[in-house]
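Structure record follows, encoded as structure tokens.
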Amino acid sequence: MMRPTAFAKTTVLAGGLLVLGIGARIPDDAPQVLISNGIIRTSLYLPDTARGYYRGTRFDWSGAFGFLDYKGHRFVEPWYDAYDPKIHDAINGPVEEFTPLGFTEAEPGATFVKIGVGALRRPDAKTYSFATYYDVVNYGKRSVRTYADRVVFRHELTDAAGYGYQYTKTVRLTNGKPELVLEHRLKNTGQRRIETSVYNHNFFVIDKQPTGPGVEIRFPFAVTAEGKGFGSTILTEGNKLVYARPLEKREQVFSAGLQGFGPSASDYDVRIENRKTGASVRMTADQPLEKLVFWACATTSCPEPYIRLRAEPGQEVTWKINYTFYENSVP
């Protein structure tokens, strides 16, 4: 069993279960740490194969958030009704997923890799499904270092199929700024090329406000939705998405491809603004967009920006995502 290293301080609340958000009940013995820069205060759950808050096989285990507060506004808390550590999306954002390595060529019973999770067993000939829990064959080696304003997660894996990596993710609060930074470093230590996409699901829940009119998603370009788009639920107005009505409980809207962005990293610039409370967040990165997906339910609006990664054996790639929190002018 792997647990956080001894120097990773954890904060555990007393009692049996911690009730948060819209009804999700989370075991309060899940190891976590609080960090702050005096402007933002946030909690992060730490990877643990036995007691970890998130033990699913979809999302990266490094940097699962508990809450995030700025100027009296709360941006992060559970958005879901049901909780189990192995449910694929029982996790708070910002949270990242890598597309699988080696799944299509793996025979049933063989392994494939999810970066940030481990080596997983393909159980049958069915196509890959992010909602499926796959048995973990090799968790790899993890370490965690915590500081007052940041947490450094490291995950190392060597798989029998020829994949290997050293993955370091630093979750940092910038000194003197209302800014959260996710810094990534991925080194290919295996014999096979790493080619994957990574995106952030951004499960923001802003001031517990429901999804609907008053929530706007802005881009630096005129945005359109592929195909039928969002029907009449979400409207595209120039460079923004707006809701025509509130979403009902258990209702979901989805677009597999928002269009309008170009090849420059400057188009990775997305804002979620709550026009009722004024709480807002801006997301930028140092890499161009590969794809831009959007998903929403009654509790959260989720732009999902994709970045493409490629690393030959021995090669290292880096990327960085910035979150700036601010207040917009409420009408």
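The values are calculated or read from the model by the stated rules, or taken from the named source; none is laboratory data. Since we're looking at a predicted model, the values are computed, not measured. Glycine gets a Cβ as well: all are built from the backbone with ideal geometry, and neighbour counts include every protein chain shown. Just the protein is used for accessible areas: all its heavy atoms, side chains included, with ligands, DNA and RNA removed. Shrake-Rupley method; radii C 1.70, N 1.55, O 1.52, S 1.80 Å.
Restricting to the stretch 147-164, name every residue that is open to solvent by less than 40 Å² (accessible area, probe 1.4 Å) and either in contact with a His (Cβ under 9 Å, 6 or more places away or on another chain) or free of Cβ contacts under 8 Å to residues at least 24 places away in the same chain (or both).
Selection gives Val152 alone.
Read through the list (1) open to solvent by 10 Å² or more (accessible area, probe 1.4 Å); (2) at pLDDT 95 or above; (3) more than 30 Å from Lys177 (Cβ to Cβ), then give the number of the only condition that Leu34 fails.
For Leu34, the failing item is (3).
Contact list please: Cβ distance under 6 Å, first residue in the stretch 91-113 and more than 20 Å from Pro123 (Cβ to Cβ), second residue assigned to a loop (DSSP other than H, G, I, E, B) and among the basic types (Lys, Arg), pairs at least six apart or on different chains.
Short answer, once both residue conditions are applied: none.
Could you give every pair whose Cβ atoms fall below 6 Å, whose first residue belongs to the stretch 66-78 and is closer than 20 Å to His201 by Cβ, and whose second residue is part of a strand (DSSP E or B) and among the polar types (S, T, N, Q), counting only separations of at least 6 or pairs across chains?
Pairs that qualify, where the first residue is closer than 20 Å to His201 by Cβ and the partner is part of a strand (DSSP E or B) and among the polar types (S, T, N, Q), are Gly66/Gln32; Gly66/Ser43; Phe67/Ser43; Leu68/Thr42.
What number of residues within the stretch 131-160 are of a type in the set (Asp, Glu) and in contact with a Lys or Arg (Cβ under 6 Å, 6 or more places away or on another chain)?
Going through the stretch 131-160 one residue at a time, the tally reaches 2.
Picking from Asp29, Asp60, Asp89, which residue would you name as being of a type in the set (D, E, K, R), assigned to a loop (DSSP other than H, G, I, E, B) and at pLDDT below 90?
Asp29
Conditions tested, residue by residue: (1) under 22 Å from Ala285 (Cα atoms); (2) of a type in the set (Asp, Glu); (3) open to solvent by less than 30 Å² (accessible area, probe 1.4 Å); (4) part of a strand (DSSP E or B).
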{"site": "Pro108", "(1), (2), (3), (4)": "no, no, no, no"}
{"site": "Thr127", "(1), (2), (3), (4)": "no, no, no, no"}
{"site": "Tyr134", "(1), (2), (3), (4)": "no, no, yes, no"}
{"site": "Arg142", "(1), (2), (3), (4)": "no, no, no, yes"}
{"site": "Arg145", "(1), (2), (3), (4)": "no, no, no, yes"}
{"site": "Gln166", "(1), (2), (3), (4)": "yes, no, no, yes"}
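Going through the stretch 187-233 one residue at a time, which ones are modelled with pLDDT of 95 or more, of a type outside the set (Phe, Trp, Tyr), assigned to a strand (DSSP E or B) and surrounded by 16 or more Cβ atoms within 10 Å (Cβ to Cβ)?
If the condition is that a residue be modelled with pLDDT of 95 or more, of a type outside the set (Phe, Trp, Tyr), assigned to a strand (DSSP E or B) and surrounded by 16 or more Cβ atoms within 10 Å (Cβ to Cβ), then Lys187, Asn188, Ile194, Thr196, Val198, Asn200, Val215, Glu216, Ile217, Arg218 are the ones that fit.
Just the residues that are part of a strand (DSSP E or B) and surrounded by fewer than 21 Cβ atoms within 10 Å (Cβ to Cβ), please, taken from the stretch 110-125.
Hit for the stretch 110-125 is Arg121, nothing else.
Among the residues of the stretch 166-217, which ones are small (Gly, Ala, Ser) and within 23 Å of Tyr268 (Cβ to Cβ)? Walk me through it before giving the result.
Taking the stretch 166-217 first, the residues small (Gly, Ala, Ser) are 176, 190, 197, 212, 214.
Result: Ser197, single match.
Does Glu312 qualify as being over 27 Å from Gln209 (Cβ atoms), open to solvent by 30 Å² or more (accessible area, probe 1.4 Å) and over 18 Å from the mean Cα position of the chain (by Cα)?
Criteria met by Glu312.
May I ask you to list the residues in the stretch 278-299 that are in contact with a Lys or Arg (Cβ under 8 Å, 6 or more places away or on another chain) and under 17 Å from Leu241 (Cβ atoms)?
Passing the criteria: Ser280, Val281, Arg282, Met283, Cys297, Ala298.
Could you give me the residue pairs with C-beta distances under 9 Å whose first residue belongs to the stretch 307-331 and is in contact (Cβ under 8 Å) with a residue 24 or more places away in the chain, whose second residue is of a type in the set (A, V, I, L, M) and open to solvent by 50 Å² or more (accessible area, probe 1.4 Å) wherever it lies, and which are 6+ apart or on separate chains?
Close Cβ pairs satisfying both conditions: Phe325/Ile39.
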